[in-house]
Amino acid sequence: MKLPVYTEINIDELTKIDFKDEELIKAELKKIIKKGKIGKIPNYIVTHHLSDENLKSFLKLLQSTMEKLGSSPKFPYPTYIINEKLSDHPYFFTSYSVERLPPHFFKKIKRLKAKEQLLFTKIQVVGDKVSNNPLAEKLQLLKQQANRNRELADLTFELATYEQAIEEIKNLKKEHSV
């Protein structure tokens, strides 16, 4: 078994295709996803050479293709989109350059010791379990719960503010009545 290290996914084939032909792009993306083992190993896609318009359509098509294939760009291993202009994306991890990627997966490949091999096997089993879960649904549930928690925190803060204001009004009434 091989240690998980970053690999670059080459999308040069896509630059030859017109981005308005979505079906052809999706077919190529399926090949790229399977060949690049997205989600199974950590990897990155360099998109500096794409124009802003092509980048948006590429990310949209990549997201829909990955969702159809049941692949996640976050679990069990991350997939990063490298682009200088893209600061954030709701579905993908982004970075300005390869050098700014988290250094965890920049390791030299070496032979594993027995204990490391055992731990790595366990990690692979857990990674397969994560891959078999409906990740998109679970992430959606997590986002909904986070939104509910934010709403509850806002309401609680508002209630505390009103209670504090009522207490101050009561104290002012007591002071004026004496």
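The values are calculated or read from the model by the stated rules, or taken from the named source; none is laboratory data. Please read these numbers as outputs of a predicted model, since none were measured by experiment. Note that each Cβ is placed from the backbone with ideal geometry, even for glycine, and that neighbours are counted across all protein chains shown.
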Would you mention how many residues in segment 106-144 are under 21 Å from the mean Cα position of the chain (by Cα) and either modelled with pLDDT of 95 or more or of a type in the set (Asp, Glu) (or both)?
2
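Residues are listed down the side, and each one gets a yes or a no for (1) in contact with a helix residue (DSSP H, G or I) (Cβ under 8 Å, 6 or more places away or on another chain); (2) free of Cβ contacts under 8 Å to residues at least 40 places away in the same chain; (3) under 21 Å from residue 75 (Cα atoms); (4) not hydroxyl-bearing (Ser, Thr, Tyr):
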| position | (1), (2), (3), (4) |
| --- | --- |
| 88 | no, yes, yes, yes |
| 92 | yes, yes, yes, yes |
| 95 | no, no, yes, no |
| 103 | no, yes, yes, yes |
| 106 | no, no, yes, yes |
| 110 | no, no, no, yes |
| 113 | no, yes, no, yes |
| 151 | no, yes, no, yes |
Out of (1) touching a Lys or Arg at 6+ places or on another chain (Cβ under 8 Å); (2) part of a helix (DSSP H, G or I), the one residue 128 does not meet is (1)
How many residues of segment 140-156 are farther than 29 Å from residue 67 by Cα and either loosely packed, with under 10 Cβ neighbours inside 10 Å or not aliphatic (A, V, I, L, M) (or both)? The answer is 2
Matching residues in segment 52-105 - criterion: being assigned to a loop (DSSP other than H, G, I, E, B), under 19 Å from residue 10 (Cβ atoms) and hydrophobic (A, V, I, L, M, F, W, C):
86, 92, 101
In segment 17-28, which residue that is modelled with pLDDT of 75 or more and hydrophobic (A, V, I, L, M, F, W, C) is nearest to residue 117 (Cα to Cα)?
27
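For segment 157-167, indicate whether the set of residues that are touching a residue at least 60 places away in the same chain (Cβ under 8 Å) and surrounded by 10 or more Cβ atoms within 10 Å (Cβ to Cβ) is non-empty.
Within segment 157-167, none of the residues are touching a residue at least 60 places away in the same chain (Cβ under 8 Å) and surrounded by 10 or more Cβ atoms within 10 Å (Cβ to Cβ).
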Which one of these is modelled with pLDDT under 80, surrounded by 15 or more Cβ atoms within 10 Å (Cβ to Cβ) and either more than 22 Å from residue 139 (Cα to Cα) or among the small types (Gly, Ala, Ser) (or both): 14, 55?
14
Would you say residue 61 is in contact (Cβ under 8 Å) with a residue 24 or more places away in the chain, in contact with a Leu (Cβ under 8 Å, 6 or more places away or on another chain), closer than 27 Å to residue 134 by Cβ and surrounded by 14 or more Cβ atoms within 10 Å (Cβ to Cβ)?
yes
Condition first: part of a helix (DSSP H, G or I), without any contact (Cβ under 8 Å) to a residue 60 or more places away in the chain and in contact with a Pro (Cβ under 8 Å, 6 or more places away or on another chain). Can you find one or more residues in segment 30-49 that meet it?
no
